[in-house]
Amino acid sequence: MLETIKNAWSVIEIRKKILFTLFIIIIFRIGSYLPVPFVDLASLQASGATNEFFNYLSILTGGGLEYGALFAMSVTPYINASIILQLLTVAIPALERLSKEGEEGRKKIAQITRYAAVVLGLIQGTAYFFYLKNQGHLTDSVKGGATVFAAFVIIAAFTAGSALVMWLGEQIDVKGIGNGISMILFAGIISRGPQAFATLWGEFKLGKYVSVIAIVVIFLLVIAFIVWMTRAERRVPVQYAKRVQGRKQYGGQNSHIPFKVNMSGVMPIIFASSILMLPTMILSFRDLTVESTFNKVLALFSTQGVFYALIYFAMIIGFAYFYAQIQYNPIEIANNIRKNGGSVPGIRPGKPTSDYFAKILSRVTLIGALFLSVIAILPIIVGSVGGINISLGGTSVLILVGVALDTVQNLESQMMMRHYKGFLD
């Protein structure tokens, strides 16, 4: 590994890309600590320890929310905009046609996504301002008419910060290593590592030796399991018939169609968690000292509760099937194979082939959905049994492992082009 890193560093082009990526990440981390005016940081940080919704967003934003920072919303508006555009591409024929127009179509969709991210950033920034105002996290200087000016400054700063983070991610795409948005998300989550370690160390000093050791072992096993499942796939063999055109012979080859077990990545978890965090978000805006039936119903959605875990489990499975249907169309795959003179051994072309693909897709999706559900609720189970919250959930671990694998593969491909031994050997 050390020799491989040395070889990678010796390549000037790769070294420049790595340094540029690190430079962008440093800028992002600095922006996550630059406070926005009119925010009472002491009050904000004190409330974050007991607010579940606040803690959830803080993990994804690298702690920017805890400091009322310029990059408090990080890449969450862009991620939400990307998810919405993916769903609308299936629902709106014009966007679907645009997605099939090649490079130009993708550029137009990317531009629409940017505009949507700015709009969502504005909405998110406005909601965050009202949260700060209602919870008393603004400075004493914000009084009377000054509230309007403070609102304008805070909302504008949060919106501009999210747009700047999106631009930084695009710069990594062009001049750096890996996917820019993923790398920024990775940097934000990994920054929570010291806090998680400090929590475990504190519990260890309190005498919870068995719980801490068990959590560390489970964490390592989960990482290994995620790596294994991320690379797992079901390969369906395809044979192509021989055909002769002029003096050349085409076909006669054996290939396969890969169906990835975790084809949807972390998207089902993001969908499910985004919806289930709405009750917690609403609860964070309400006065908890007032006992009411509405507050009691919302309290059922506590992220450490059994009801939340069961609903979370079921919703991830449902969204996994939904996302799989968006990505794979068995009828289209079967038609493409038949047009190219191919067939699945033992399966007749046409409808039998599409039914066969649909059956395989259903089974593979179920395995992937169960995998995602177990990973997502495992921290809840560990936290309830061990009584320790290490602030890094299943979604965070999935993102960390996924981005790490993609980055390694990206470096591997660039190393192989220069005839160096790669990371994956």
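One residue stands out among those in the range 174-213 that are more than 30 Å from Glu13 (Cα to Cα) and among the polar types (S, T, N, Q): the one that is nearest to the chain's Cα centre (by Cα), which is Gln195. For the range 184-212, which residues satisfy the criterion of being free of Cβ contacts under 8 Å to residues at least 12 places away in the same chain and not in a helix (DSSP H, G or I)? If the condition is that a residue be free of Cβ contacts under 8 Å to residues at least 12 places away in the same chain and not in a helix (DSSP H, G or I), then Leu206, Gly207 are the ones that fit. Within the range 400-419, is even one residue hydroxyl-bearing (Ser, Thr, Tyr), buried (at least 18 other Cβ atoms within 10 Å of the Cβ) and modelled with pLDDT of 75 or more? Scanning the range 400-419 turns up at least one residue that is hydroxyl-bearing (Ser, Thr, Tyr), buried (at least 18 other Cβ atoms within 10 Å of the Cβ) and modelled with pLDDT of 75 or more.
Between Gly105, Gly169, Gly178, the distinction of being over 28 Å from Ala42 (Cα atoms), assigned by TED's automatic domain parsing to the domain that holds Ala42 and not in a helix (DSSP H, G or I) belongs to Gly178 only. When Tyr67 is tested against (1) over 26 Å from Tyr323 (Cα atoms); (2) hydroxyl-bearing (Ser, Thr, Tyr); (3) modelled with pLDDT of 80 or more, only condition (3) is not met. Among the residues of the range 234-262, those identified as outside any strand (DSSP E or B) and at pLDDT below 80 are Ala241, Lys242, Gly246, Arg247, Gly251, Gly252, Gln253. For the range 130-152, filtering for residues that are surrounded by 15 or more Cβ atoms within 10 Å (Cβ to Cβ) and either at pLDDT 85 or above or small (Gly, Ala, Ser) (or both) leaves 2. Scanning the range 335-371 for residues that are among the hydrophobic types (A, V, I, L, M, F, W, C) and modelled with pLDDT of 85 or more yields Phe357, Ala358, Ile360, Leu361, Val364, Leu366, Ile367, Ala369, Leu370, Phe371.
A residue that is surrounded by 16 or more Cβ atoms within 10 Å (Cβ to Cβ) and closer than 25 Å to Phe38 by Cα occurs nowhere in the range 89-97.
The values are calculated or read from the model by the stated rules, or taken from the named source; none is laboratory data. Quantities reported herein were computed from a predicted structural model and do not represent experimental measurements. As a convention, Cβ positions derive from the backbone with ideal geometry for all residues, glycine included, and neighbour counts pool all protein chains shown.
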